[in-house]
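Some notes on the structure that comes next.
The values are calculated or read from the model by the stated rules, or taken from the named source; none is laboratory data. Worth saying up front: this structure is predicted, and the values here are computed from it rather than measured. Quick reminder, even Gly has a Cβ in these numbers, built from the backbone with ideal geometry, and neighbours come from all protein chains shown.
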Number of protein chains: 2
Amino acid sequence: MKIDLDGILNSRRLAITRALSFVENSDDLDMALTDALFQHLGHAYRVGITGPPGAGKSSLADRMIEYWRSKDKRVAVISVDPTSPFTGGAILGDRVRMGQHYSDKGVFIRSMATRGSQGGLALRTQDAADVFDAAGFDIILYETVGVGQVELDVAQAADTTLVVLVPESGDDIQAMKAGLMEIADLFVINKADRQGANQAMVQIQSMLAMRHPEEGIWSPEVLKTNALNAEGTATLMERLEAHQQFLLEQGIFRQNFKDRIIAKIRNHIDQHVMDQFWTAEKTDVLNGSMAKDDAGRIIPGQIVKKLLQL
Amino acid sequence: MKIDLDGILNSRRLAITRALSFVENSDDLDMALTDALFQHLGHAYRVGITGPPGAGKSSLADRMIEYWRSKDKRVAVISVDPTSPFTGGAILGDRVRMGQHYSDKGVFIRSMATRGSQGGLALRTQDAADVFDAAGFDIILYETVGVGQVELDVAQAADTTLVVLVPESGDDIQAMKAGLMEIADLFVINKADRQGANQAMVQIQSMLAMRHPEEGIWSPEVLKTNALNAEGTATLMERLEAHQQFLLEQGIFRQNFKDRIIAKIRNHIDQHVMDQFWTAEKTDVLNGSMAKDDAGRIIPGQIVKKLLQL
């Protein structure tokens, strides 16, 4: 594909759309796009928003977009959808509500299907964000439904990750605390007018209290919002900006950027080295190694040795 | 570690426990264990049971164990726990209920923490199961709470995967259908005395109806149970056995076994080749490549080239 660098840098819709389609559909996650955009990256602030279905992520995203737009920031939204392998369709769910921003030229909303591609998602998400970054968007908002690996991938691609929960999430919090704790910079208990909001808040805070605060490490915070009537959203935006400020001051924002590029290079090389190693001959030897029945089978360690000597 | 093969083959508790600790704690997922056990593997039937917190997986597991014990089958239970990186503790939750089987010599229950180790989990789970397989256990039951990647890992290590849901899971079904569909051989709607059970059943069935049935491919089924009073569990066990029978007849059971060993070998080699490639020099070059500021930075593609030539 020819990358229309000029079009992207000038934020032309067609150029962006084409680049995004390339990212989404290309089987070959090569370095062409990264190389082309490289000198123009590192400006956008990347925010991830995740949580269980029904937590009100989209309403909250709506409020956040409103806020950013009021500050004249340009916002790109990347909705990462777990896709059914049967239907090929993405789950839009309540995302359509973000429709109010569709007509706003300062907002670009794009769904990305995960296509069951475990490994590639973090890189694809990052590539898509890079397109928006180069196109001069100030904020890139990843939105995803909480389904494990996808969350981790998105968190990896984000500077700040919001985990949105509802007062009833108590059980989920218990069950998923490992995953959530790893990724959340800010916990948001949305629909906080419902019963149990304070309890959920205390539950998270007591989990967080087990951490030892460290110099240069952000201490995650817990906030309450009610996105529908904009309660608590001003404070949320303030804390979000505080986190961004923290990242900038500590040099973490810059380091995130570098780490993402390094991860991309490393992954690309790993892929290449593996492809070089796994010749048709070696693949045949491996797959054929288990052909014999129990008595005649070679010990796995022997197969390893043989393959490494080929 | 010295593997007490004789002890494992004779199902001695201490030998099994030591081998499992080795699997859980070893940083070096080497082939020693696989090599030692290899000729004694391939007999146990591996069943995964997953679903959201509160779906009643443990009660259901209880019923399944009861059934298997009534047929004189020896059962190993591997509880895969998402572990908090802060506390290091595993979430036992309602699993303590399986306590009734703790005193039964024909049942061995072991928790495995995932330790945030994304990649290694499938392999570790498989290694643990291999120990039980070699020790002559007939059934290996993996139990896990539904948190994305862990589910996939467990499904990969299992011959049959049960996804347990409750009547209220409607939203979750929508949101997670991609993931669930990929892994479920049997859907179980537990606590089916609650409202909405039939609706949830129809919802899943209509999702399943989008698939085109294929020769030699199992068509997932939807069942209703109420584990607490054993309603529907007899049918569940019957369908479980039907799936096992199907796997045996189609040669899939055998193929699963081979595929797991092949994946293990492949992963081991990949690890080795990567370790060989990433010398200290290359790692330094990569990490140093982003040290310069924007103007002085080398294009990523150039770094790739340089690293591949080193």
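Exactly one residue among B:Ser117, B:Ser84 is surrounded by 18 or more Cβ atoms within 10 Å (Cβ to Cβ), part of a loop (DSSP other than H, G, I, E, B), at pLDDT below 65 and within 14 Å of another protein chain (Cβ to nearest Cβ), and that residue is B:Ser84. I'd like to check something: does the stretch B:51-62 contain any residue that is at pLDDT 80 or above and among the polar types (S, T, N, Q)? Yes; the residues of the stretch B:51-62 include at least one that is at pLDDT 80 or above and among the polar types (S, T, N, Q). For B:Ala242, the stated conditions hold: it is more than 12 Å from chain A (Cβ to nearest Cβ) and without any contact (Cβ under 8 Å) to a residue 12 or more places away in the chain.
Can B:Ala200 be described as hydrophobic (A, V, I, L, M, F, W, C) and buried (at least 17 other Cβ atoms within 10 Å of the Cβ)? In short, yes.
Each row is one residue, and each column tells you yes or no for (1) within 7 Å of chain B (Cβ to nearest Cβ); (2) closer than 17 Å to B:Gln255 by Cβ; (3) touching a Cys at 6+ places or on another chain (Cβ under 7 Å).
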residue	(1), (2), (3)
A:Arg266	yes, no, no
A:Met274	yes, no, no
A:Ala280	no, no, no
A:Leu286	yes, yes, no
A:Ile298	no, no, no
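Cβ-Cβ contacts under 6 Å between residues 6 or more apart (or on different chains), taken from a first residue in the stretch A:9-27 that is more than 10 Å from A:Asp127 (Cα to Cα) and not assigned by TED's automatic domain parsing to the domain that holds A:Met112 to a second residue that is surrounded by fewer than 18 Cβ atoms within 10 Å (Cβ to Cβ) and among the small types (Gly, Ala, Ser), are listed as A:Ser11/A:Gly136; A:Ala15/A:Gly7. Among residues that are more than 31 Å from the chain's Cα centre (by Cα) and loosely packed, with under 13 Cβ neighbours inside 10 Å, A:Gly251 is not included. Every condition in (1) more than 30 Å from A:Leu41 (Cα to Cα); (2) surrounded by fewer than 14 Cβ atoms within 10 Å (Cβ to Cβ); (3) not acidic (Asp, Glu) is met by B:Gly288 except one, and the failing one is (1). Only one of these conditions is not met by A:Phe257: (1) among the aromatic types (Phe, Trp, Tyr); (2) in a helix (DSSP H, G or I); (3) modelled with pLDDT of 90 or more. Which number is it? Condition not satisfied by A:Phe257: (3). Going through (1) surrounded by 14 or more Cβ atoms within 10 Å (Cβ to Cβ); (2) more than 9 Å from chain B (Cβ to nearest Cβ); (3) of a type in the set (A, V, I, L, M); (4) touching a Lys or Arg at 6+ places or on another chain (Cβ under 8 Å) one by one, A:Leu307 falls short only on (2).
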